[in-house]
Amino acid sequence: MNVNSSCNGLFVDINGSLYCSMYKHHQVVKRSLNDAVMTSNRVAAGTGIAGSDLNQLNGPRGIFVDVNLDLYVADCENNRVQLFQPGESNGMTVAGSASLNPTIRLSYPTGIILDAEKYLFIVDNSNSRIVGSNLNGFRCLVGCYGRGSQSNQFHNPNSMSFDRSGNIFVIDSNNHRIQKFLLMKDSFGKLKKTLNNMKTYE
């Protein structure tokens, strides 16, 4: 994939399409990896002009595409997460103060993941925390008491990833480390979205 700006986020969907979020060009583009001939990129989201309208992005970073090919975009400078459904140029705000159910305020979100239960996890960079959704909306999971370098704190985290057990690894950028958080189980043995710090990778 050749693009006219650096990619700040990458994702490959279940159909083998590669997505690239271009922070400086305010767009997400995609291209099929299965084409015998490499055609030009297609716009997946954004107009290429910074803005806050539903068809615009302002500094997109993290991206995630689910099995329905719904595209989630961490729209950093607009302090929101946008959902673009297949074939739609207008997105809907699913997290942030402008969402239909505004239960969380974001500040420069940089990473997003949707789990198998369709719960959304967000790296809220400037608030130095990880937030997650449940049936009641969004709430803070880690880094809930301010920026710092303790095991339960971050200093401008950048991105995150799950392992097969549901544990979360977080790039804690300004603390120069990777943090691992264990997904705990409730008294019935079921997984719940509560995290305990396990290990730091310097």
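Of these, F138, F169, which one is outside any loop (DSSP other than H, G, I, E, B), free of Cβ contacts under 8 Å to residues at least 40 places away in the same chain and under 15 Å from the mean Cα position of the chain (by Cα)?
That would be F169, the only listed residue that is outside any loop (DSSP other than H, G, I, E, B), free of Cβ contacts under 8 Å to residues at least 40 places away in the same chain and under 15 Å from the mean Cα position of the chain (by Cα).
Okay, residues lined up against (1) more than 27 Å from F162 (Cα to Cα); (2) out of contact with any Asp or Glu (no Cβ under 8 Å at 6 or more places or on another chain):
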residue: S21; (1), (2): no, yes
residue: A50; (1), (2): yes, no
residue: D66; (1), (2): no, yes
residue: Y72; (1), (2): no, no
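Please verify whether the range 43-50 includes one or more residues that are exposed (fewer than 15 other Cβ atoms within 10 Å of the Cβ) and touching a Lys or Arg at 6+ places or on another chain (Cβ under 9 Å).
Within the range 43-50, one or more residues are exposed (fewer than 15 other Cβ atoms within 10 Å of the Cβ) and touching a Lys or Arg at 6+ places or on another chain (Cβ under 9 Å).
So which residues in the range 53-103 are of a type in the set (D, E), over 22 Å from K24 (Cα atoms) and touching a residue at least 24 places away in the same chain (Cβ under 8 Å), if there are any at all?
D66 - this is the single residue of the range 53-103 that is of a type in the set (D, E), over 22 Å from K24 (Cα atoms) and touching a residue at least 24 places away in the same chain (Cβ under 8 Å).
Kindly evaluate I104 against the criterion of being over 21 Å from V131 (Cα atoms) and part of a loop (DSSP other than H, G, I, E, B).
no
For the range 181-192, what are the residues that are surrounded by 15 or more Cβ atoms within 10 Å (Cβ to Cβ) and either modelled with pLDDT of 95 or more or farther than 19 Å from G62 by Cβ (or both)?
Within the range 181-192, L182, L183 meet the criteria.
Quick one: would you say S107 is hydroxyl-bearing (S, T, Y), under 22 Å from Q56 (Cα atoms), touching a helix residue (DSSP H, G or I) at 6+ places or on another chain (Cβ under 9 Å) and assigned by TED's automatic domain parsing to the domain that holds Q179?
yes
Report, by residue number, each residue of the range 98-110 that is surrounded by fewer than 24 Cβ atoms within 10 Å (Cβ to Cβ) and under 22 Å from L10 (Cβ atoms).
Y108
For the range 4-31, which residues satisfy the criterion of being at negative phi and exposed (fewer than 14 other Cβ atoms within 10 Å of the Cβ)?
Hits for the range 4-31 are N4, S6, L10, V12, I14, N15, K24.
The values are calculated or read from the model by the stated rules, or taken from the named source; none is laboratory data. Just so it is clear, the structure is predicted and the values come from calculations on it, not from any experiment. A quick note on method: Cβ atoms are made from the backbone with ideal geometry, for glycine too, and the neighbour counts reach across all protein chains shown.
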